[in-house]
1. Being among the small types (Gly, Ala, Ser), over 24 Å from the mean Cα position of the chain (by Cα) and either surrounded by fewer than 19 Cβ atoms within 10 Å (Cβ to Cβ) or at pLDDT below 95 (or both): is that true of GLY249 here?
2. Can ALA158 be described as under 19 Å from the mean Cα position of the chain (by Cα) and small (Gly, Ala, Ser)?
3. For ARG280, state whether it is modelled with pLDDT under 95, farther than 17 Å from CYS137 by Cβ and of a type outside the set (Asp, Glu).
4. Read through the list (1) surrounded by 14 or more Cβ atoms within 10 Å (Cβ to Cβ); (2) closer than 17 Å to MET165 by Cα, then give the number of the only condition that HIS224 fails.
5. Only one of (1) within 19 Å of PHE254 (Cα to Cα); (2) at pLDDT 95 or above; (3) of a type in the set (A, V, I, L, M, F, W, C) fails for ILE139. Which number is that?
6. Go through the range 105-128 residue by residue and tally those that are closer than 16 Å to THR270 by Cβ, hydroxyl-bearing (Ser, Thr, Tyr) and in a helix (DSSP H, G or I).
7. Check GLU228, GLU268, GLU205 and return the single one that is in contact with a helix residue (DSSP H, G or I) (Cβ under 9 Å, 6 or more places away or on another chain), assigned to a loop (DSSP other than H, G, I, E, B) and not assigned by TED's automatic domain parsing to the domain that holds LEU81.
8. Six or more apart or on different chains, Cβ atoms under 7 Å: show the pairs whose first residue is in the range 27-45 and not assigned by TED's automatic domain parsing to the domain that holds PHE15 and whose second is at pLDDT below 95 and surrounded by fewer than 11 Cβ atoms within 10 Å (Cβ to Cβ).
Amino acid sequence: MSKITISTVELFAKFPDAETARGYLEKRLWPNGPVCPVCGSGENLTARKAGFYRCNPCTEDFTVRTNTIFERSHIPLHKWLYAMYIVVTARKSVSSLQLSKEIGITQKSAWFMLHRIREACGDDLSMLSGVIEIDECYIGGKEGAKHESKKLKQGRGAVGKTPVMGMRERGGRTLAMPVCDTEQGTLQSAIYARVEPGSTIHTDEAPAYGDMDGLFFRHQQVNHSAGEFVRGQVTTNGIESVWALLKRGVHGTFHHISPKHTGRYVNEFTFRLNDGNVKRHTSQRIDSLVDGVSNRRLTYKRLIAK
């Protein structure tokens, strides 16, 4: 076995069927034994057939799927684990069409499945500190490449695209999230909410980042418009490499993502850079993804709601 990864053959040997996958999930999610998702009790439970448990105090029947991204899914659990393996090992992610072929389900089911896995990637609530590189990008098709009926006819550049703001801690975690706009109030509010006071922030020369050097942060800028990209230790190249990875996935794998679902796609890519980092063993990456499945149930009705 490799020191940092396992092959698909090794994964199938480890989880050959739904029963072995269920055993792994129960051990990971319930390290001290089954816990009722309704009342939170781990006592006075009765084990029943096929992985069901009865909570005698509240008379609730539950399984390891209950109140997780797996709830009410008819897809066997070992196929779920294989899909999670693909998500954490595929550098540019995987399309629902490709996943449907690999695990033998419909494309529609694979699409729903992948969005539920992205839901488990979740919003990282970490506070960043030290040196933080900050930048924004726009996700969406070019106005000139759209069909005439899809064009907004409001100009070029960022028209019709979704703005995404990113922050990368030098040598640490990456946070990114869609924002409603790139105005000063929006971007600076996000920075104050996610960066520890006393940190040093590196940005480009965008006016939205103006007036941040002072009481809370030390602010240093590089002037991209003047051809400056690195000045000593001051640069935003780290966060810009995140955009390169994200856009390769969007254009090369998904081709198009709607503004409505952009947040989940961004969460997937930031998870892959943080807990799903390739420097960690594949088993650890899967463990981290499984740790986020609880209290993240995503129904199809909510997923497609306008």
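1. Details: among the small types (Gly, Ala, Ser): yes; over 24 Å from the mean Cα position of the chain (by Cα): no; either surrounded by fewer than 19 Cβ atoms within 10 Å (Cβ to Cβ) or at pLDDT below 95 (or both): yes.
Criteria not met by GLY249.
2. Details: under 19 Å from the mean Cα position of the chain (by Cα): no; small (Gly, Ala, Ser): yes.
So ALA158 fails the test.
3. For ARG280, the condition - modelled with pLDDT under 95, farther than 17 Å from CYS137 by Cβ and of a type outside the set (Asp, Glu) - is met.
4. For HIS224, the failing item is (2).
5. (2)
6. Matching residues across the range 105-128 total 0.
7. GLU205
8. Every condition considered, no pair remains.
The values are calculated or read from the model by the stated rules, or taken from the named source; none is laboratory data. Keep in mind that what you see is a predicted model, and the values were worked out from it rather than measured. With ideal geometry, Cβ positions are generated from the backbone for all residues, glycine too; neighbour counts draw on all protein chains shown.
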